[in-house]
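These notes concern the structure reproduced below.
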Amino acid sequence: MNWIIYALIAIGFGSLSDLFRKFGSTVKDPFLDNLVFETAAFITAIVLYMLFSRREVPHGNTMIYVIAGGICISLFTTFFFKTLSVGPGVSVVAPIVRAGALIVVAILGVILLHEKLTWNLVTGIVLACLGIYLMFLNN
């Protein structure tokens, strides 16, 4: 399957995830919200592994990076729940958080992974910053 299909599927589930996080953020305890959210994610990951994995053995530092990524996503989710519970709403919070993350990862890709800094990338970063600015004007 082409990578764009996977990206569109990820966008769909990411969007649904943000909506469900907003519904769940009414508990006002981001730590409980995160615990339940991550438990559901863990169970889903186990089921997906059992159904679809090729059961390859990781090599090198791969698992360290995967564990670090898991820790980061758990911290992201905790603070995202907190932001949704006190912020202006999912239609403002989610795009700002996602665009902000997009900007940071693009910059880190250039700095740490030595990816090309192209005019398209710079334009995308500038437009994302402009979008965040415009959303802040709304509030």
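Quick check: at a probe of 1.4 Å, how many percent of the accessible area of the chain sits on carbon and sulfur atoms?
76
Here are labelled values, [x] 10.3; [y] 8.5; [z] 9.2, and one is the computed mean projected area of the Cα convex hull in nm² for what I pasted. Which one?
[x]
Can you pull the three principal axis extents for the Cα set of region 47-99, in Å, largest first?
For region 47-99, the Cα spread along each principal axis is 44, 25, 18 Å.
Compare LEU127, LEU32, LEU51 in a GNM of the chain, Cα atoms joined below 10 Å, and give the one with the largest fluctuation.
Checking each option, the largest mean-square fluctuation is seen for LEU51.
For the chain, with every protein chain kept in place, what is the accessible area per residue (1.4 Å probe, Å²)?
75
Just report the Cα centroid separation between region 1-41 and region 93-114, whole Å.
19
MET1 accessible area, nearest 10 Å², 1.4 Å probe?
Spelled out: MET1, probe radius 1.4 Å, area about 150 Å².
Counting Lys and Arg as +1 and Asp and Glu as -1, what is the net charge of the other residues whose Cβ lies under 15 Å from the Cβ of LEU84?
Local net charge: +2.
Sorted by accessible area with a 1.4 angstrom probe, largest first, how do LYS28, LYS82 fall? Intermediate results must be reported in sequence, preceding the final value.
Working: LYS28 120, LYS82 85 Å².
Result of the area sort, largest leading: LYS28, LYS82.
Name the helices (complete DSSP H segments) of the chain with a Cα length along the long axis of 20 Å or more and a Kyte-Doolittle mean of at least 1.6, or state none.
Working: long enough: 3-24 (31 Å, 1.11); 30-52 (31 Å, 1.58); 62-86 (36 Å, 1.64); 90-112 (31 Å, 2.53); 119-137 (27 Å, 2.01).
Membrane-span-like by this criterion, though nothing is claimed about a membrane: 62-86, 90-112, 119-137.
Which residue fluctuates the most in the chain, going by a Gaussian network model with Cα springs under 10 Å, if the choices are ALA99, ALA128, ALA68?
Result: ALA68 has the largest fluctuation of those listed.
Work through the residues other than THR62 whose Cβ is under 15 Å from its Cβ and net out their charges, Lys, Arg +1 and Asp, Glu -1.
Summing Lys/Arg as +1 and Asp/Glu as -1 gives +1.
Taking the Cα centre of region 36-139 as the origin, how large is its charge dipole in debye, to the nearest 20, when only Lys and Arg (+1) and Asp and Glu (-1) carry charge on their Cβ atoms?
60
Defining a contact as two alpha carbons under 8 Å apart and six or more residues distant in sequence, what relative contact order in percent does region 1-91 show?
54
The values are calculated or read from the model by the stated rules, or taken from the named source; none is laboratory data. Just so it is clear, the model here is predicted, and its values are computed rather than measured. Quick reminder, even Gly has a Cβ in these numbers, built from the backbone with ideal geometry, and neighbours come from all protein chains shown. All accessible areas refer to the heavy atoms of the entire protein, side chains included, with ligands and DNA or RNA removed. Shrake-Rupley method; radii C 1.70, N 1.55, O 1.52, S 1.80 Å.
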